[in-house]
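What follows is one structure encoded as structure tokens, with my remarks underneath.
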Amino acid sequence: MTEERSLYSIIPGIGLRELRAVLAVSELGSFRRAAQDLGYTQSALSHQIASIEAALGRPLFTRPGGRGHVQITPAGQAVCRRARRALSEVEAIAADAEEADRGQMARVRVGGSQTTAAEVMPPALRVFREDHPGVEVALWEYDSFEAVASALGRGRLELGFAHNPTPDDRVESIPLLDDSWVILTRRDSPLAEIEHPSFDVLDGRDVVAWNRKWQVQAELEEAWMRGGIVPRIVYRTDDNLALQRLVAAGLGHACIGRLAARRAIDPSLTWLTPKEFLGPRQIALCFPRNRQMSGTTAALMSAIRAQATQ
């Protein structure tokens with residue numbers, strides 16, 4: 001038996017199916033829901049979990065029985081960390097094969113919010129294009145850090161922007177800039193005349209907001225709730241331009257990041273910087289932790305970091 005082949009028999013019972021099963025149960029908290037998500041019968045999924053537990057010689061989950069949520073053990077948490085990294089590498093094989101087939105990489109895929117696409121990327125792309133005129137940069141919209149991290153881990157993106165990223169085994173994060181919350185309003189609004197504004201001025205007032213599927217909007221509304229601020233949300237949208245147009249039309253005020261507010265699209269708009277701190281709002285640039293970065297991607301990352309500090 002060759003050395004390479006013998007590696008597969010060191011710990012039998014641990015394969016991609018078993019690793020996916022462990023992650024699904026961990027994330028969904030239920031064998032039944034995990035089986036449905038993966039398209040297995042519950043007995044088949046239970047067999048996969050039992051196989052990896054037998055291979056490792058320790059339980060990965062505690063099973064309360066009935067409808068109670070299973071609890072992951074410390075060993076299970078360790079397996080999940082490694083499983084995410086292993087599956088990310090496997091899922092990135094197709095992306096690597098495509099790049100190798102093309103020869104030199106001719107496209108860089110970047111994920112993030114509308115704000116980063118509109119405010120951070122244009123100056124960076126101007127600089128990048130001078131040295132890499134033949135490279136296609138594709139911008140994709142993502143609404144949460146988890147979505148960006150997943151796409152990076154699966155090889156669907158080379159770079160991604162995220163607000164307030166959390167530690168993740170799949171990605172590295174480099175802080176770029178702070179994008180604190182401000183109040184967007186019309187210049188002729190009574191709010192614009194307040195000398196020392198606070199977010200309390202939004203209490204009971206009409207507000208235009210993003211849909212709650214956006215992680216940053218959900219965090220904002222949680223911060224309002226903690227501060228006892230209850231605005232009347234009269235319109236919701238997924239589009240930054242539409243949000244600003246609605247405010248410019250006098251249909252409500254809005255809370256947005258300083259980065260978007262300072263380049264508001266309508267001259268009738270202005271923005272206020274409240275005195276209190278609603279919570280961190282840091283934009284970071286993310287990239288896969290365990291994949292070798294191409295020179296083209298590294299050049300774009302350098303351009304983004306350089307322009308973000310100006």
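Compute the helix-to-body angle for 74-91: its Cα long axis versus the longest principal axis of the chain, expressed 0 to 90° and rounded to tens.
80 degrees
Mind listing the long-range amide H neighbours of residue 176? Cut-off is under 5 Å, sequence gap 5 or more, other chains count too, H placed in the peptide plane at 1.01 Å from N.
283, 284, 285
Order of 297, 116, 237, 41 from fewest to most other C-beta atoms within 10 Å?
Details: 297 21, 116 27, 237 16, 41 10.
The most exposed by this proxy come first: 41, 237, 297, 116.
Starting from the amide H of residue 207, placed 1.01 Å from N in the peptide plane, find each other amide H under 5 Å away whose residue is 5 or more places distant or on another chain.
Long-range HN contacts for residue 207: 232, 233, 234, 235, 253.
Computed from the coordinates I sent, Cα extents along the principal axes in Å equals one of [x] 77, 45, 37; [y] 56, 51, 35; [z] 79, 56, 28. Tell me the label.
[z]
Quick query: amide H of residue 294 versus all other amide H atoms, modeled in the peptide plane; which residues come in under 5 Å with a sequence gap of 5 or more or a different chain?
none
Run lengths n ≥ 4 of DSSP H only: what is the helix-derived mean residue ellipticity at 222 nm for the chain, with -39500 (n - 2.57) per run over all residues, to the nearest 500?
Numbers: 12 runs with 127 residues, N = 310.
About -12500 deg cm²/dmol.
Where nothing but the Cβ of Lys and Arg (+1) and of Asp and Glu (-1) is charged, how large is the charge dipole of the chain around its Cα centre, in debye to the nearest 20?
Values: 37 positive and 38 negative charges, 129 e Å.
It comes to approximately 620 debye.
Projecting each Cα onto the charge dipole of the chain (Lys/Arg +1, Asp/Glu -1 at the beta carbon, about the Cα centre), which of 267, 210, 139 comes out farthest on the positive side?
Ranked along the dipole, the leading option is 210.
Run the numbers on the range 181-272 and let me know its relative contact order in percent, using alpha-carbon pairs under 8 Å that are six or more apart. Write out the running numbers ahead of the final one.
Values: 143 pairs, mean separation 43.8, N = 92.
Dividing the mean separation by the residue count of the range 181-272 yields 48 percent.
With θ set to phi - 60°, apply the Karplus curve 6.51 cos²θ - 1.76 cosθ + 1.60 along the range 25-37 and write out the HN-Hα couplings as whole Hz, x wherever there is a Gly or Pro.
Here the 3J(HN,Hα) series is 5, 4, 6, 9, x, 7, 5, 5, 5, 5, 4, 4, 5 Hz.
Relative to the longest principal axis of the C-alpha atoms of the chain, give the angle of the C-alpha long axis of helix 295-308, reported between 0 and 90° and rounded to the nearest 10°.
Once rounded, the angle reads 30 degrees.
If you build a Gaussian network model of the chain, linking Cα atoms that sit under 10 Å apart, which residue out of 261, 151, 192 swings the most?
192
Any idea what angle helix 215-226 forms with the longest principal axis of the chain, computed on alpha-carbon atoms, 0 to 90 degrees, nearest 10?
Tilt relative to the chain: about 60 degrees.
Going by how many other Cβ atoms sit within 10 Å of their own, how do 170, 58 line up, fewest first?
Working: 170 22, 58 12.
Final ranking by Cβ density, sparse to dense: 58, 170.
In sequence order, what are the phi-derived ³J(HN,Hα) couplings for the range 126-133 according to the Karplus relation 6.51 cos²θ - 1.76 cosθ + 1.60 with θ = phi - 60°, rounded to whole Hz, with x for glycine and proline?
Calculated HN-Hα couplings, in order: 4, 5, 4, 5, 4, 9, 9, x Hz.
Percent relative contact order of the chain, based on C-alpha pairs within less than 8 angstrom and at least six residues apart?
Normalised by residue count, the contact order of the chain is 20 percent.
Values quoted throughout were computed directly from the atomic coordinates according to the rules given, and no laboratory measurement underlies them. Note that the coordinates shown come from a computational prediction; the quantities given were computed from them, not determined experimentally. Neighbour counts run over all protein chains shown; Cβ positions are idealised from the backbone, glycine included.
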